[in-house]
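One structure below.
All of the numbers you see were taken from the coordinates with simple rules; none came from a lab. Treat the numbers as computed from the prediction; the structure is a model and nothing was measured.
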Amino acid sequence: MLTQLQHQDPLNPMESGDFLAQIAQFGTVNGITELNGSFSSLSASLQSNQALQASTMVGNTVLVPGNRAQLTAGETLSGAIELNNSTSDLVLNISDSAGQTVRQVNFGAHAAGMTQFSWDGLDMNGQPVAAGTYTVEAAALIDNEAVAQSVLINAKVNSVSLSRNGGEPLLNLDGLGTVSINEIREIM
């Protein structure tokens, strides 16, 4: 703008309206630049806060969506079933890595909402099963039709992974792998 003023033809000066419009445009560009800087600062602050919150979860147990869980010898496997509708019959099936059902738990009639479960690691005959990965599935009888239900698994948070590009923190769960902090449904 200064260069434009220095090279302006004195016999044909710039209109004051044009001059004021250019000044307003420069002010707008400067304001947008400052706003971008403020948003970048806010974003960095939020990411830092989210990382701090995630780090406080290490050692705690969280409830996350998933139907695969790691059974450790002598321990229980627990979680919840999320029912969208009331049911006359709710069934939980636990299968081994070969797909064979090792335990089936019938909960009977249940209202919509969360239904907690805990598996002691025993098969249908009361014998302990081997440690390993098991699949947990739930079905509810709704209008005389078996409908799959969402299963949530309890898992201990071992550590937190932070992204270099500012992404959300990832929780490394015992036996379940990595999940986003946004997937946590409950912290115990």
- Note on the structure: Once amide hydrogens are built 1.01 Å from N within the peptide plane, the residues lying 5 or more places from Arg103 or on another chain with amide H under 5 Å from its amide H are Ile94
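Can you tell me the length gained on complete extension of the stretch Ile32 to Glu186, counting 0.36 nm per residue apart and subtracting the Cα distance? Could you put the intermediate results ahead of the total?
Values: separation 154, 0.36 × 154 = 55.44 nm, distance 3.97 nm.
Full-extension gain reported as 51.5 nm.
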- Query: In sequence order, what are the phi-derived ³J(HN,Hα) couplings for the range 95-106 according to the Karplus relation 6.51 cos²θ - 1.76 cosθ + 1.60 with θ = phi - 60°, rounded to whole Hz, with x for glycine and proline?
  - Reply: 10, 7, 5, 8, x, 7, 5, 9, 7, 10, 10, 9
- Descending principal axes extents, the range 91-188, alpha-carbon based, whole Å: 48, 35, 24
- Item | Backbone HN-Hα couplings from phi across the range 171-176 [Karplus 6.51/-1.76/1.60, Hz, Gly and Pro as x] | 9, 9, 9, 4, x, 10
- Here the range 130-135 yields Karplus 3J(HN,Hα) values (6.51, -1.76, 1.60; θ = phi - 60°; whole Hz; Gly and Pro given as x) of 5, 4, x, 8, 10, 9
